[in-house]
Amino acid sequence: MKAIAVGMPLAALVAALLVAGCGGPASEHAHHPPAPSGQSAVSPPPAVSPVSPAASMSSGAFNGTDVGWMQLMIPMDEQLLSMLEMAPKRTSNPEVIRLAKLFAADHRAELLKLRALMDRSGAPKTNVHEGHDMPGMVTADDLRVIDQTKGAAFDRLFAKNMREHLEQGVLLSRGEQGAGADQATRELAGSIEKARAAQLDRLDG
């Protein structure tokens, strides 16, 4: 899982992640110019391109940010659920198992709303980020490593990946609220931002 970019304006952060934040083969993004200077980040921020083809396929009240946000949040949630479902078999820690069950229920409910909005947008349902190493996403490689751990080792990876997912969800959801066009999508982003903050509190607790 990539480090989380910080210090960037929210709209710029979302644009960067939605358009060119994928960690696929270098050749996929070799044509993009360098990211603007003066942006502090844990790791160099991804290059920014105006609008991706997938994000431009919005309809009605939806704009590219709305569609791009959903195209990120859906696979992020799906991949996280794969990790959460491992918990009962990989650890005997009752608190980790309890949190995994709680977070899984929250994210399944969230996915239903995201998918309903995606249906209404008319955008393609294909996972445009499949195989990409996005900030905050539990990748297929992460899952393979996690699935080989047990006990305290699993608990540490659970906490690390969970935190990165939640923190990135907060940043992306704030950006959607500032740059999105569809009211229902912005409202869901606001709800998810609050949910992520509460989930971070539970994780810390």
Exercise. Any idea of K160's accessible area? Nearest 10 Å², probe 1.4 Å.
Worked result: 90 Å²
Exercise. Probe 1.4 Å, all protein chains in place: accessible area of T185 in Å², nearest 10?
Worked result: 0 Å²
For this session: Work out the FRET efficiency for A153 and Q183 from their Cβ-Cβ distance, taking R0 = 41 Å, and round it to the nearest 0.05.
Result: 0.40
Seminar exercise, completed: Residue by residue through the range 154-161, the couplings from Karplus 6.51 cos²θ - 1.76 cosθ + 1.60 with θ = phi - 60°, in Hz, x for Gly and Pro, are 5, 4, 5, 5, 4, 5, 4, 5
Exercise. How big is D, in µm² s⁻¹, for the range 121-184 by Stokes-Einstein at 25 °C and 0.890 mPa s if Rh is the Kirkwood radius over C-alpha pairs?
Worked result: 175 µm²/s
For this session: Using a 1.4 Å probe and ignoring any ligands, DNA or RNA, find the accessible area of M137 and quote it in Å² to the nearest 10.
Result: 10 Å²
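Rg(Cα) of the range 79-205 divided by 2.2 N^0.38 Å?
On the way: Rg = 15.2 Å, N = 127, 2.2 N^0.38 = 13.9 Å.
Its radius of gyration relative to the 2.2 N^0.38 Å reference: 1.10.
With every protein chain left in place, what is the accessible area per residue of the range 55-205 in square angstrom, probe 1.4 Å?
Values: 6820 Å² over 151 residues.
Heavy-atom SASA per residue in the range 55-205 reads 45 Å².
The values are calculated or read from the model by the stated rules, or taken from the named source; none is laboratory data. From a predicted model like this one, the values you see are computed outputs, not experimental measurements. Heads up, the Cβs are rebuilt from the backbone with ideal geometry, glycines too, and the neighbour counts pull from every protein chain shown. Accessible surface areas use protein heavy atoms only, side chains included; no ligands, DNA or RNA. Shrake-Rupley method; radii C 1.70, N 1.55, O 1.52, S 1.80 Å.
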